[in-house]
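The values are calculated or read from the model by the stated rules, or taken from the named source; none is laboratory data. Quantities reported herein were computed from a predicted structural model and do not represent experimental measurements. Methodologically, a virtual Cβ is constructed for each residue, glycine included, from the backbone with ideal geometry; neighbour enumeration extends over all protein chains shown. Surface areas here come from the heavy atoms of the whole protein model, side chains and all, with no ligands, DNA or RNA. Shrake-Rupley method; radii C 1.70, N 1.55, O 1.52, S 1.80 Å.
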Amino acid sequence: MRCLIVLLLLLCTPVFAQDAAFEKLAEGFTDRYLELNPELATILGDHRFDGRLTDYSAAGLEQQRQFYRATLAELKRLSPLSRENQVDREILQTNLEYALFQLDTLKELEWNPMIYTPWSALNAPMPRDFAPLPQRLASLVMTAMLIGIGVLCLLGVGLAPQLVDLFASG
């Protein structure tokens, strides 16, 4: 009986070790993803990145690509996993593959100007009582300034020329 218990524990140990590695990777992914997408962090109630906007420059997009690819490579090395973490890994992997599809194939940043206007980031800090009103207002003002500067800078950078012409003509 003792041998059977020891054998079962030995067989289960790699799963537990891989599960811990997966959970650490998933937690790190979430933190970095929210840092790269600060408007989403604010909307979700994470105020570490208030007053910042997603970097849609070529360098910023390449940083996202590298992050997604590195996370995918790490996910593929994590096996075996418990059933719960297998499902979570599949969800994360599918979302990472879709994010790369959006960047590299769909290229919505080149034809959809709404990507560059994160108006939801302006509304998110105000109705939530996460900080005193002056701090929430400061976050709102910083975000509004960044949006205004970003819109001015992005006219001609990233958007397809016909969209730039459309917006420039009013």
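Points to keep in mind about this one:
- Under Karplus coefficients 6.51, -1.76 and 1.60, residue-wise ³J(HN,Hα) of segment 98-114 in Hz, glycine/proline x: 5, 4, 5, 4, 4, 6, 9, 10, 5, 6, 4, 5, 8, 10, 10, x, 5
- Surface listing: ARG65, ARG83 arranged by accessible area from highest to lowest gives ARG83, ARG65, probe 1.4 Å.
- Length released on extending from ASP129 to GLU27, taking residue separation times 0.36 nm less the Cα-Cα span: 34.2 nm
- Accessible-area ranking of LYS107, LYS24, largest first, probe 1.4 Å: LYS24, LYS107
- Fully extended contour minus Cα-Cα distance, from GLU35 to ARG77, at 0.36 nm per residue: 12.7 nm
- Net length gained if the chain between ASN95 and ARG69 were fully extended (0.36 nm per residue, minus Cα distance): 8.2 nm
- Here GLU108 sits with roughly 40 square angstrom of accessible surface, probe radius 1.4 Å.
- Solvent-accessible surface ranking, highest first, for ILE43, ILE91 at 1.4 angstrom: ILE91, ILE43
- For SER79, distant residues with modelled amide H under 5 Å away: none
- Model label points for GLU110 and ALA58, set 7 angstrom from Cα along the Cα-to-Cβ axis, are 1.3 nm apart.
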